[in-house]
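I have placed the structure first, in the form of structure tokens, so that the comments after it can refer back to it.
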Amino acid sequence: MLVTGGAGFIGSHLCDYLLNIGHDVICLDNLFSGSKDNVRHLLGNPYFEFSRHDIIQPFFAEIDQIYHLASPASPVHYQHNPIKTIKTNVMGTINMLGLARRVKARIVLASTSEVYGNPRMHPQTESYWGNVNPIGLRSCYEEGKRVSETLMMDYHRQNHVDIKIIRIFNTYGPRMAINDGRVISNFVVQALNGEDLTVYGDGTQTRSFCYISDLIEGIVRMAEADDFIGPVNLGNPAEITIVELADKIIALTKSRSHIVFEPLPSDDPEQRCPDITIAKKVLKWEPTVSLEAGLKKTIQYFGQRLRGKNGRARS
Ligand SMILES: NC(=O)c1ccc[n+]([C@@H]2O[C@H](COP(=O)([O-])OP(=O)(O)OC[C@H]3O[C@@H](n4cnc5c(N)ncnc54)[C@H](O)[C@@H]3O)[C@@H](O)[C@H]2O)c1
């Protein structure tokens, strides 16, 4: 198995899972937003190989399956070098599809709910084509992923590559980067540090959050499903407003922090919630971890990181 982006948040949990069920795993990562610390516990495992490689360059290996996750995922990371983000999603995906074609491997793309942009349909079903600004600050990622999906479909139609497309909605849990600017990591770190929690906009915008172990189960079920290429939404349909989330995190961390409000960044979607009817029906999958249970584990992880109990883990 090849996992691109395997040293990232989701990729490292996927490596763990695949090794646990008996696969050999090659983890490919340029460590742009990921960290060796996420896979450090695997480095001595003879069935695990880490390769520091940028997927903008071709990669050659004999493998039977590719989980293609390499791409910066949070706005802070993908806007840091937008041209590089597009190259990763276009050239990187072409390279991985070329590899899949040569060695006849199945390839699973980690796409995103961001392909729906600022949706006019709620909740979002896979048949919705989205409402994306092609020239905005988020476009490098949103359009990058849309092109990735297009490439997957065209390699499938033209070259019969065995593909699968997963649209991942907000996911959280241990090993999220402390500095990635995503709402859960931001709030948890602020609450644990006793700082005020920053809410952008009036906080009535809603999000839905899926715990990492639920997502990994869904990804692997999709990868193993025959006769279904997707796209399939994987996420937790339970919606919560950003203010409610902030209150919950303050309560769970027993923090004295308050909430402060700042202007909404451009193109920030008002609402994002998956329709997971297809995942339920075809993959027999739905999330099982409650927000409270998932937040407790995430808070515990960030608490250790902030207290420096995780060795060299960087912020
Ligand atoms: N976390 C979420 O909520 C979420 C939601 C939707 C989609 N996704 C998708 O899931 C995938 C993983 O996201 P994540 O949350 O684990 O993010 P992450 O930033 O932790 O992981 C991405 C990994 O890809 C690596 N990478 C980036 N560019 C690369 C390149 N050119 N060559 C090699 N490696 C490269 C990074 O170093 C990092 O380890 C991404 O494709 C992302 O778009 C994530």
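Selection within segment 55-82: residues that are within 17 Å of S35 (Cα to Cα) and small (G, A, S). The member of this set that is farthest from the ligand (Cβ to nearest atom) is S74. Here I240 fulfils each of the conditions (1) within 30 Å of G308 (Cα to Cα); (2) among the hydrophobic types (A, V, I, L, M, F, W, C); (3) part of a strand (DSSP E or B) apart from (1).
Note on segment 165-216: among residues that are more than 13 Å from the ligand (Cβ to nearest atom) and within 22 Å of S35 (Cβ to Cβ), the one that is nearest to the chain's Cα centre (by Cα) is S213. Inspection of segment 146-155 identifies no residue that is within 14 Å of the ligand (Cβ to nearest atom) and among the aromatic types (F, W, Y). Taking the stated definitions as given, is A225 in contact with a strand residue (DSSP E or B) (Cβ under 9 Å, 6 or more places away or on another chain) and of a type in the set (G, A, S)? Judged against the criteria, A225 is a match. The sole residue among L18, L28 that is within 12 Å of the ligand (Cβ to nearest atom) and among the aliphatic types (A, V, I, L, M) is L28. Scanning segment 264-289 for residues that are of a type in the set (D, E) and modelled with pLDDT of 95 or more yields a count of 2.
For G181, the conditions (1) in contact (Cβ under 8 Å) with a residue 40 or more places away in the chain; (2) crowded, with 17+ Cβ neighbours inside 10 Å all hold with the exception of (2).
Per the conditions (1) in contact with a strand residue (DSSP E or B) (Cβ under 9 Å, 6 or more places away or on another chain); (2) more than 10 Å from the ligand (Cβ to nearest atom), the sole criterion not satisfied by P46 is (1). At pLDDT 95 or above, within 9 Å of the ligand (Cβ to nearest atom), among the hydroxyl-bearing types (S, T, Y) and assigned to a helix (DSSP H, G or I), is that true of T88? For T88, the condition - at pLDDT 95 or above, within 9 Å of the ligand (Cβ to nearest atom), among the hydroxyl-bearing types (S, T, Y) and assigned to a helix (DSSP H, G or I) - is met.
Scan segment 39-60 for residues that are among the small types (G, A, S) and within 18 Å of M91 (Cβ to Cβ) and the total you get is 1.
The values are calculated or read from the model by the stated rules, or taken from the named source; none is laboratory data. What you see is a predicted model; the values in this text were computed from it and never measured. Every residue, glycine as well, gets a Cβ built from its backbone with ideal geometry; the counts of neighbours run over all protein chains shown.
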